[in-house]
Amino acid sequence: GDYTGALRPQIHYSPPRDFMNDPNGMFVDAHGTYHLYYQYNPTDIVAGNQHWGHATSKDLYHWTNQPIAIYPGAEGEGIFSGSAVVDVNNTSGFFPNQTNGVVAIYTLNTAQEETQEIAYSFDDGYTFTKYANNPVLSINSTQFRDPKVIWYGETSSWVMVVSYAQDFVIGIYTSPDLKSWTHASNFSHHGLLGLQYECPNLVPIPMLTNSSLASPLTASNFAPDLNMYLLAISINPGAPLGGSITQYFPGTFNGTVFTPSDSATRIADFAKDNYAGQWFYGIPSSEPQISIAWASNWQYSQLVPTGPLEGFRSAMSLPRRNVLANTTRAPYTLLSIPVDLSPLYTTPSPLAHSTSANTSLLLDYSTTVPSGALHFSLTARNIPAANASGTANFTFLASSTGESLRGGFYFGGDTPFWIDRGHVTGFDNPFFTDKFSVTNLIDPDTRAFRLEGVIDRSLLEVFLDGGLRSATVEFFPQGKMDTMRVATAGLNPGVEVEVEVWGLESTWV
Ligand code: FRU
């Protein structure tokens, strides 16, 4: 693949060429290597002819493209989304001589039916053999897909969540051996329905103690006795902002039944480009769980200009560390922050650092950061509880075309943080929504507003309020973004502001 194109993300995963959608089969192997498979059409820049593409990484940022891992068997077949596990105890019987056997569980799509199949790998997930007695699960439906499997230790059982897509049902099945599956329960008609439920994930997730939001992701900050699970369900079409989005349900799981904590509807992202996220199999349940999502939307993913211009479509989101937080303001909320970016920093100290309450920063990074990728943060402290005022805005500019990608925060009242991609001109589509916003971001205990973000050629991701809110935003500039501006104005006396900007080394070129 050629990763030098002007729209090619430099620290995100994108396929060598052609069309990619959902992440699949994510697991950590016996050597600590992360495996990412993905829905892949290797013969076109639109969806169809689905295979499992494959890439591996030691750090979740530097990826090595691997040969396609699973091929359709016949014309008209598609290898649809699914998951992978390591069968350490050889429950499947495929691996009499090893503890690192890998089993992939995926949907076979044909015009007649969607069934669940398995394939096994003796070499840590690089090559697979399809099971001779496939399918392992079939209900005579054309809308039954996206199996995600985990191990449930208390009952020594495999657990699958799988979507009855157009019935708005997530089926929970159990198996001793990954070959025979027994229906255990259904989770149905919860939250937003959209037109289909897709890509369910059930994942054990550590929960933070109430007081630890400020420095969240160390084990001593997890509430040890709270064994929570997260059930994520992607919906498409019919997301509130159009097209596809992922919602999630915090709750408990007893091996057969998932019980949500409450009846609230929670969406994982306040923009539009985060779908079909998956959590890695094999991360200890006492640690933050790691997810990657498809950074696009079915409304326009097959139309975006990276196809004709650079021969590929879609990238994955940043790898994210996830825990559950539980505060009065954000009950049982999925907290997302990027996997540590500091190993990619271009310099030992930030490119820009400001501690002025009246920040006015103009950073030309055209020569200092060849990748064009930046990691930036803005923190404001001592925001008064009443009559807060002022703004903190950031802008990325393409000096050759005058395009800009903008965002900012209003300190007063219940006003929002906003993002605007409407002044970036390389893609014109009625569903490519310009503006996104989210409210209720000031921490009442610390009186702080916190923003962290990454810009990477054609992707912006922001993490607000320590990761309680996040957004994934594609944008397609005609010129190269090369200048960053950060400005605060009209803040109350005593408010402290700190801004940091770091350059990121390309992990691709
Ligand atoms: C979600 C999805 C899945 C399906 C796959 C096909 O984006 O529609 O339900 O398995 O994509 O590529």
All but one of (1) within 14 Å of the ligand (Cβ to nearest atom); (2) closer than 21 Å to P305 by Cβ hold for F80; which doesn't? (2)
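What is the residue count in the range 359-370 for residues that are small (G, A, S) and within 8 Å of G503 (Cα to Cα)?
The initial filter retains those residues of the range 359-370 that are small (G, A, S), namely 360, 366.
When the remaining residues are screened for being within 8 Å of G503 (Cα to Cα), the result is none.
Residues flagged as small (G, A, S) and within 8 Å of G503 (Cα to Cα) within the range 359-370 amount to 0.
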So how many residues does the range 322-336 have that are surrounded by fewer than 21 Cβ atoms within 10 Å (Cβ to Cβ) and at pLDDT 95 or above? 0
More than 29 Å from W508 (Cβ to Cβ), in contact (Cβ under 8 Å) with a residue 60 or more places away in the chain and aliphatic (A, V, I, L, M): does that describe A398? no
Only one residue in A276, A268 is modelled with pLDDT of 95 or more, under 21 Å from R421 (Cα atoms) and either buried (at least 24 other Cβ atoms within 10 Å of the Cβ) or out of contact with any helix residue (DSSP H, G or I) (no Cβ under 6 Å at 6 or more places or on another chain) (or both), so which one is that? A268
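Of the residues that make up the range 2-11, is at least one of a type outside the set (S, T, N, Q), within 14 Å of the ligand (Cβ to nearest atom), assigned to a loop (DSSP other than H, G, I, E, B) and within 20 Å of the chain's Cα centre (by Cα)? First the steps, then the outcome.
Let us first name the residues in the range 2-11 that are of a type outside the set (S, T, N, Q), namely 2-3, 5-9, 11.
Retained after the next criterion (residues that are within 14 Å of the ligand (Cβ to nearest atom)): none.
Taking every residue of the range 2-11 in turn, none turns out to be of a type outside the set (S, T, N, Q), within 14 Å of the ligand (Cβ to nearest atom), assigned to a loop (DSSP other than H, G, I, E, B) and within 20 Å of the chain's Cα centre (by Cα).
Please tell me if A119 is away from the ligand (no atom under 12 Å from the Cβ), touching a Lys or Arg at 6+ places or on another chain (Cβ under 7 Å) and without any contact (Cβ under 8 Å) to a residue 60 or more places away in the chain. Steps first, please.
Values: away from the ligand (no atom under 12 Å from the Cβ): yes; touching a Lys or Arg at 6+ places or on another chain (Cβ under 7 Å): yes; without any contact (Cβ under 8 Å) to a residue 60 or more places away in the chain: yes.
The answer is yes for A119.
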Return the pairs, sorted by first residue and then second, in which the second residue is of a type in the set (D, E) and buried (at least 20 other Cβ atoms within 10 Å of the Cβ), the first residue lies in the range 163-184 and is assigned to a strand (DSSP E or B), the beta carbons are less than 9 Å apart, and the residues are 6+ apart or on different chains. S163/D146; S163/E198
Let me confirm something: among T259, T252, which residue is over 16 Å from G191 (Cα atoms) and either β-branched (V, I, T) or in a strand (DSSP E or B) (or both)? T252
Out of Q50, Q112, Q143, which single residue is more than 13 Å from the ligand (Cβ to nearest atom) and either touching an Asp or Glu at 6+ places or on another chain (Cβ under 6 Å) or among the polar types (S, T, N, Q) (or both)? Q112
Within the range 366-381, can you find the residues that are of a type in the set (A, V, I, L, M, F, W, C) and either at pLDDT below 95 or closer than 18 Å to A487 by Cβ (or both)? L374, F376, L378, A380
Failed condition for G73, given (1) out of contact with any helix residue (DSSP H, G or I) (no Cβ under 8 Å at 6 or more places or on another chain); (2) surrounded by 16 or more Cβ atoms within 10 Å (Cβ to Cβ): (2)
Candidates Y173, Y197, filtered to the one that is within 14 Å of the ligand (Cβ to nearest atom) and farther than 28 Å from A223 by Cβ: Y197
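The values are calculated or read from the model by the stated rules, or taken from the named source; none is laboratory data. The structure displayed is predicted, hence computed values, not measured ones. Cβ coordinates were reconstructed from backbone atoms using ideal geometry, including for glycine residues, and neighbour counts include every protein chain displayed.
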